[in-house]
1. Output the residues belonging to the range 107-138 that are touching a residue at least 40 places away in the same chain (Cβ under 8 Å), buried (at least 24 other Cβ atoms within 10 Å of the Cβ), closer than 19 Å to Leu78 by Cα and of a type in the set (Gly, Ala, Ser).
2. I'd like to know if the range 157-164 contains one or more residues that are assigned to a helix (DSSP H, G or I) and among the aromatic types (Phe, Trp, Tyr).
3. Restricting to the range 83-118, what's the tally of residues that are closer than 20 Å to Ala17 by Cβ, over 15 Å from the mean Cα position of the chain (by Cα) and modelled with pLDDT of 65 or more?
4. Looking at the range 169-177, can you tell me whether even one residue there is over 15 Å from the mean Cα position of the chain (by Cα), closer than 21 Å to Ile104 by Cα and at pLDDT below 90?
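The values are calculated or read from the model by the stated rules, or taken from the named source; none is laboratory data. Quantities reported herein were computed from a predicted structural model and do not represent experimental measurements. When we count neighbours, we look across all protein chains shown, and the Cβ atoms used for this are built from the backbone with ideal geometry, even at glycine.
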Amino acid sequence: MIIFWIFSFSLLGSLGAVLGAGLLLFCSPETRQRLITVLISYAVGTLLGAAFLAMVPAGLQRAPVLPFSAALLFGIVLFFLLEKMVLWRHCHEAHCEVHSGQGILILIGDAFHNFLDGLAIAAAFLAAVPLGITTSLAVIAHEVPQELGDLAILLDSGYTRGRAFVFNLLASLTTLLGALTGYFLLETLSRLIPLVLGLSASSFIYIAVADLVPSLHRRISFRETVLQTAMILAGIGTIGLLRLWHS
């Protein structure tokens, strides 16, 4: 039964994010930019909520504080280094100073990132189904604006709309590969689940704070700040409500 949950939500996180991003391409540039700001703000809330309200408490219930905290710290340093290697960059626009004109690079980085998202989903479901659901929601929330940015970069690199969509879809399916790998690996080595939860929580925190929040600071008007704060709180509230519902 657990593998059904893992398969379904990892598939939703991969295909659903790409399809959602594809639909946004048909919006006008002004509408699309407005929606991206809202989605990124909501994603920040869901990522931080899933990390601090779900994954960290679940990990601490299954592992001593020091090893779990060490996994969190190790993950943050690891993702910093991966970003330096341009394998972990979240772009939300076509003219990204890191990835602009580098279609193959964005596909490789996206596939690697999605694989790790799949591992996170598997570890969360193996710990508890409610935790898996909240983790999957956070994955979907931050993947939609990322996939939209990836599609825009591929189009800017010369890919046709059809090829960009197909290649992005193939890269997103590594979420499913990561989830199935995580299921068969962690089911045997269950003692690693808390450590994987710690690494997954650190990835969510890093993405939210290092990648997404700086992009929100580009729009500093009072109206935008209120909207961004409201959507961040909405994302945190969504995770909190899910936790209360399943408690």
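1. Answer for the range 107-138, where residues must be touching a residue at least 40 places away in the same chain (Cβ under 8 Å), buried (at least 24 other Cβ atoms within 10 Å of the Cβ), closer than 19 Å to Leu78 by Cα and of a type in the set (Gly, Ala, Ser): Gly118, Ala120, Ala123.
2. Checked the range 157-164: no residue is assigned to a helix (DSSP H, G or I) and among the aromatic types (Phe, Trp, Tyr).
3. So the count comes out to 4.
4. Within the range 169-177 (the criterion being over 15 Å from the mean Cα position of the chain (by Cα), closer than 21 Å to Ile104 by Cα and at pLDDT below 90), the answer is yes, since at least one residue qualifies.
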